[in-house]
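All of the numbers you see were taken from the coordinates with simple rules; none came from a lab. Keep in mind that this is a model prediction, so the values were computed, not measured. Here the Cβ is made from the backbone with ideal geometry for all residues, glycine too, and neighbour counts use every protein chain on show.
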Amino acid sequence: MALAPKTIQGDEMKYVVAWEDRAGGSATDRETEVQRLLQVFAKWAPPESATFHQFVSRLDLGGGFAIVESDNPTDVADGPTRFFPFFDFHIYPVVDVAEGIRVLQEGAEFRSSVD
């Protein structure tokens, strides 16, 4: 059985990009890393085809999250490729809760139909 891909609403997808500081080094090393991170961040701009709906930092400053929408997944990876020396990244494709509930309901209905 071949499964055809099903688009969710147009071509754009939302992603949660999460990052955490890479641990290690002395306090002096960390100070140097922070200065370098600030230099790099000041020169970076997200790709024009990526919309950042939220771009937030954790209160402990140990990481952060971005909600990014794009029709090109490689644009979502732009930030992580620029900042991977400083952070560990995870990228999760997501849908709005209403869409997730719809898919969950379809799955439940399918399972109920199987004898």
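Based on Cβ point charges of +1 for Lys and Arg and -1 for Asp and Glu, what charge dipole magnitude is obtained for the chain about its Cα centre, in debye rounded to the nearest 20?
240 debye
List the relative contact order of the chain as a percent without decimals, with contacts defined as Cα pairs under 8 Å and 6+ residues apart.
Taking the mean separation of contacting Cα pairs over the length of the chain, I get 38 percent.
Taking Cα atoms, how many degrees apart are the long axis of helix 97-113 and the longest axis of the chain, rounded to 10 and kept between 0 and 90?
That works out to roughly 40 degrees.
Need one number for the chain: average projected area of the convex hull over its C-alpha atoms, nm².
Convex hull of Cα atoms, orientation-averaged projection: 10.6 nm².
Among residues other than L61 whose Cβ falls under 12 Å from its Cβ, what is the net charge (Lys/Arg +1, Asp/Glu -1)?
Summing Lys and Arg as +1 and Asp and Glu as -1 gives -1.
Quick check: residue separation of A42 and V56 times 0.36 nm, minus the Cα distance between them. What number comes out in nm?
3.4 nm
With everything on Cα atoms, drop me the angle between helix 27-43 and the longest principal axis of the chain, reported from 0 to 90° to the nearest 10.
Long axis of 27-43 versus the principal axis of the chain: about 60 degrees.
Give the order of S112, S70 when sorted by the count of other beta carbons within 10 angstrom, beginning with the fewest.
Going from least to most buried by this count: S112, S70.
Cut-off 10 angstrom, C-alpha nodes, Gaussian network model of the chain. Which of A18, A45, A66 fluctuates the most?
Between A18, A45, A66, it is A45 that shows the largest mean-square fluctuation.
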